[in-house]
Each structure stands twice: as structure tokens, then as C-alpha cells.
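Can you read through this structure? Questions will come right after.
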Amino acid sequence: VHLHHQPVGARAVVVGAEPVSYSAVRTLRGAGVEIAAMVTDQPRHQSSWPAGFGARLHRRVPLLTGTTVTELFGRGRLTGVALRHTDGRTVTLGCDTVVFTGDWIPEHELVRLGGITLDRGTRGPAVDTVFRTGAAGVFAVGNLLHAVEPAGTAAREGRLVAGPVLRYLSDGRWPDGQLAVEVDAPLRWVAPNRIDPRGPRPPLGRFALRTARSDGRLSALVVSQDGRVLHRERLRRGALPNRPLYVSADWIDRADPGGGPVVITGQDG
Ligand SMILES: Cc1cc2nc3c(=O)[nH]c(=O)nc-3n(C[C@H](O)[C@H](O)[C@H](O)COP(=O)(O)OP(=O)(O)OC[C@H]3O[C@@H](n4cnc5c(N)ncnc54)[C@H](O)[C@@H]3O)c2cc1C
């Protein structure tokens with residue numbers, strides 16, 4: 001759209017209502033595409049208040065919450081999508097384009113081919129606080145590590161990994177058997193997800209997480225190991241799916257290097 005000015009279509013349905021979905025809406029509008037609706041299975045959008053407000057009022061994009069796509073119609077070219085609301089109502093929207101956004105997983109094909117350990121939560125390579133994977137000499141940064149973060153985060157990680165890479169090239173040292181950091185439902189993943197309690201803290205001194213729950217009741221995060229609480233932190237704002245959530249790394253030197261995995265759980269307020 002932006003570089004080659006290729007045509008997209010005339011009328012689109014955008015599936016998803018998180019920040020990248022709104023970015024897709026802006027791109028489609030820039031290409032002259034009418035937006036029939038944005039559709040999310042969640043009870044509300046998961047972007048910033050101005051993005052949601054702007055799309056609905058200024059761009060007149062209807063937002064259908066609690067709704068999923070059940071069928072795509074068309075032969076050769078899409079002609080419509082069937083939608084179902086959680087209350088059972090169904091509708092078919094005419095459109096020639098559907099854009100699926102959100103619910104990201106990392107593009108991890110190369111990592112899998114390389115036999116590098118994946119983290120169960122992120123489905124990207126498991127990495128420690130200085131971006132070391134489970135394979136000696138292989139570092140990983142950016143959105144390969146977890147669902148989408150802003151481009152600035154990926155760029156910062158690219159800069160931060162330079163030091164550890166240089167160190168490895170000079171001393172050839174690689175950790176063996178680090179502690180896993182895991183999450184319990186409703187949390188979906190945490191990154192980084194390996195630690196050395198005697199090692200450095202992650203970038204910006206925090207771990208990134210995501211929740212699967214959309215009711216906004218999550219009020220605190222608890223970090224524990226073998227039943228021992230290492231850290232408890234109140235959330236300053238409501239946690240929603242697809243939105244970044246962070247927990248401080250102040251606790252990592254309190255973890256027992258010989259203990260079981262560190263587990264992060266959510267508490268309702
Ligand atoms: C639609 C959309 C809109 C976005 N809008 C914004 C925004 O407005 N602001 C913002 O800050 N962020 C935005 N983001 C997020 C931003 O794009 C990412 O944070 C950033 O691109 C991540 O950079 P990266 O280098 O980690 O990964 P990528 O930019 O994804 O680069 C990875 C590269 O590796 C290549 N690759 C993968 N596997 C292989 C392989 N096996 N062999 C060879 N090459 C391979 C891929 O083709 C790709 O070029 C958006 C993302 C999307 C999808």
C-alpha cells in the first residue's frame with residue numbers, strides 16, 4: 001500500500017481490535033478501502049482509548065465485540081463473511097477483503113528447524129535476560145521472542161544484544177541449565193523466560209507478560225518459587241488481552257538457582 005501503491009479492495013472486514021488492528025484500519029483507509037466493521041471475540045477493544053474512539057466516531061468504523069468469523073464466502077474473490085455473536089445472533093457482511101490481525105505468534109520456523117528450545121507460552125525461542133537461547137552461540141531478539149511489541153522495543157533489543165554477543169565471542173561461555181520462568185492462567189506468557197539468579201536483570205529491569213482474561217479484574221502479580229513468594233506487585237492499570245503488561249525483575253537474586261521453576265500468577269482485586 002505505502003511503497004508500491006498496490007490495490008487492496010473496495011470494502012474490508014478487519015478481524016481483531018488491538019493496536020495493530022487499528023493500524024490496519026488506517027492503512028486500508030489510506031488505500032481508499034471502506035471498512036465494513038472491526039470484529040473481536042473480546043467484550044471490548046484492546047487498544048488505547050483515543051484509537052478506539054477515533055475509529056468509531058471520526059472514521060465511522062463499527063466495532064462488533066463478542067463476535068467471531070464463522071465462514072468466508074466467495075469464488076475467486078471474497079464476497080462476504082459470516083459472523084456469530086456470543087448471544088447466538090448471526091449476520092453476513094458483504095466485503096471483498098478480510099484482514100486478520102492480533103492473536104500473534106512469533107515467526108519461529110527457522111528456530112524450530114534449528115532445534116532450539118521453544119517457550120511453551122510465547123512459542124518463540126526460550127531466552128534469558130541477555131537474549132541467549134538454549135543453543136550455545138545463538139541469540140534471539142525482537143518479535144521472534146513473543147507476540148507483537150512496538151518496533152522501538154525490537155530495535156532496543158538489537159542494540160542491547162551487542163554486548164552479550166561480544167562477550168560470548170571473547171570468552172565462549174554459555175550457561176547450562178538456567179531456571180525457567182513460567183506463568184499460570186490467566187497469564188499467557190512471560191519474556192524473557194529463563195534466568196540466572198546471579199546474572200543480569202532483563203532490559204529496563206522488567207519482564208513482559210500477556211493475559212488471556214478480558215474482565216479487567218486482574219489486580220496484582222505474584223512471583224513465587226517452590227511455594228515461596230519472591231515478589232508481589234499491584235497493577236497500576238487494568239490488564240487486557242493483547243496489551244503489554246510488565247512485572248519488575250527486582251526479585252531475581254532471591255530465586256534459588258537449584259530450585260524449581262519460578263511461576264508468575266495473577267491475583268484478582
Ligand atoms: C500490521 C502491523 C502494524 C504495525 N504497526 C506498528 C506501529 O505503528 N508502530 C510500532 O512501533 N510497531 C508496529 N508494529 C510492530 C513492528 O512491526 C514490530 O515490532 C517490528 O517489525 C519487529 O521487528 P523485528 O525485526 O523483530 O521483526 P520483523 O520486522 O518481523 O523482521 C523479521 C524478518 O525476518 C524475516 N524472516 C523470518 N523468518 C525467516 C527465515 N526463515 N529466513 C529468512 N528470513 C526470515 C522476515 O521475513 C522479516 O523480514 C506493527 C506490526 C504489524 C504486523
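What nm value, rounded to one decimal, do you get for the distance between T27 and A135 when each label is placed 7 Å out toward the C-beta?
Inter-label distance under the simple model: 2.9 nm.
Per-residue ellipticity at 222 nm for the chain, helices alone: DSSP H runs ≥ 4 residues times -39500 (n - 2.57), over residue total, nearest 500 deg cm²/dmol? List each step's numbers first, then the result.
Values: 5 runs with 42 residues, N = 269.
Rounded to the nearest 500, the figure is -4500 deg cm²/dmol.
Let me ask something else about it. Tell me the label-point distance for the pair R120, L160, using the 7 Å Cα-to-Cβ offset, in nm and rounded to one decimal.
The modelled label-to-label distance comes out at 2.5 nm.
Here's a follow-up. So for W189, W49, W174, what's the accessible-area order with a 1.4 Å probe, most first? Write out the running numbers ahead of the final one.
On the way: W189 15, W49 175, W174 50 Å².
Descending accessible area places them as W49, W174, W189.
Something else: Springs between alpha-carbon atoms under 10 Å, Gaussian network over the chain: tell me which of L160, L204, L218 tops the mean-square fluctuations.
L204
Would you mind listing how long segment 109-268 runs along its three principal axes, going by Cα atoms, in whole Å with the largest first?
47, 34, 27 Å, listed from the longest principal axis down.
Tell me the label-point distance for the pair H4, T70, using the 7 Å Cα-to-Cβ offset, in nm and rounded to one decimal.
With each label point 7 Å from Cα toward Cβ, the separation is 3.7 nm.
In whole Hz, with x marking every Gly and Pro, tabulate ³J(HN,Hα) for segment 27-34 from phi via Karplus 6.51 cos²θ - 1.76 cosθ + 1.60, θ = phi - 60°.
So the J values, rounded to whole Hz, are 5, 4, 4, x, 8, x, 8, 6.
Per residue of segment 258-269, what does 6.51 cos²θ - 1.76 cosθ + 1.60 with θ = phi - 60° give for ³J(HN,Hα)? Whole Hz please, x for Gly and Pro, Karplus curve as stated.
Using θ = phi - 60°, the values come out as x, x, x, x, 7, 10, 9, 10, x, 10, 7, x Hz.
For D226 and D184 in the same chain, what is the full-extension length gain: residue separation times 0.36 nm, less their Cα-Cα distance, in nm? Don't jump to the answer; show the numbers that get you there.
Numbers: separation 42, 0.36 × 42 = 15.12 nm, distance 1.38 nm.
Length difference between fully extended and current span is 13.7 nm.
Another question, then. So, counting K/R as plus one and D/E as minus one, what does the shell of residues with Cβ under 10 Å around L187 add up to? Present the calculation step by step, with values, prior to reporting the outcome.
Numbers: positive: R188, R210, R213; negative: E182, D184.
Result for the neighbourhood of L187: +1.
Gaussian network model of the chain, Cα springs within a sub-10 Å range: biggest mean-square fluctuation belongs to which of T133, T211, T92?
Taking springs between Cα atoms under 10 Å, the residue moving most is T92.
Let me ask something else. For segment 109-268, what % of the accessible area comes from carbon and sulfur atoms, probe 1.4 Å? Before the final figure, lay out the partial values.
Values: 3970 of 7960 Å².
Ligands and nucleic acids excluded, carbon and sulfur reach 50 percent.
Using Cα-Cα distances under 8 Å and only pairs 6 or more residues apart, what relative contact order does the chain have, in percent?
Details: 559 pairs, mean separation 37.2, N = 269.
This gives 14 percent for the chain.
Also: Rg over Rh of segment 84-149, using C-alpha atoms and the Kirkwood radius, what does it come to? Before the final figure, lay out the partial values.
Details: Rg = 17.7 Å, Rh = 14.3 Å.
A ratio of 1.24.
While we're here: Can you give the Rg and Dmax of segment 181-269 based on its C-alpha atoms, in angstrom?
Here Rg and the maximum Cα pair distance are 12.3, 37 Å.
Could you run the Debye sum over the Cα atoms of the chain, one equal point scatterer each and no solvent, and tell me log10 of I(q)/I(0) at q = 0.08, 0.09, 0.17 Å⁻¹, two decimals?
The Cα Debye sum returns log10 ratios of -0.40, -0.51, -1.27.
May I pose another question? Probe of 1.4 angstrom, ligands and nucleic acids ignored: what's the accessible area per residue over the chain, in square angstrom? Kindly include the intermediate steps, with their values, before the conclusion.
On the way: 14280 Å² over 269 residues.
Spelled out: the 1.4 Å probe surface of the chain, per residue, equals 53 Å².
The values are calculated or read from the model by the stated rules, or taken from the named source; none is laboratory data. Remember, predicted model here, so these are calculated numbers, not experimental data. Positions of Cβ are generated from backbone atoms using ideal geometry, with glycine treated the same way; all protein chains shown enter the neighbour counts. Ligands, DNA and RNA are stripped out before the accessible areas are found, and what is left, the full protein with its side chains, is counted by its heavy atoms. Shrake-Rupley method; radii C 1.70, N 1.55, O 1.52, S 1.80 Å.
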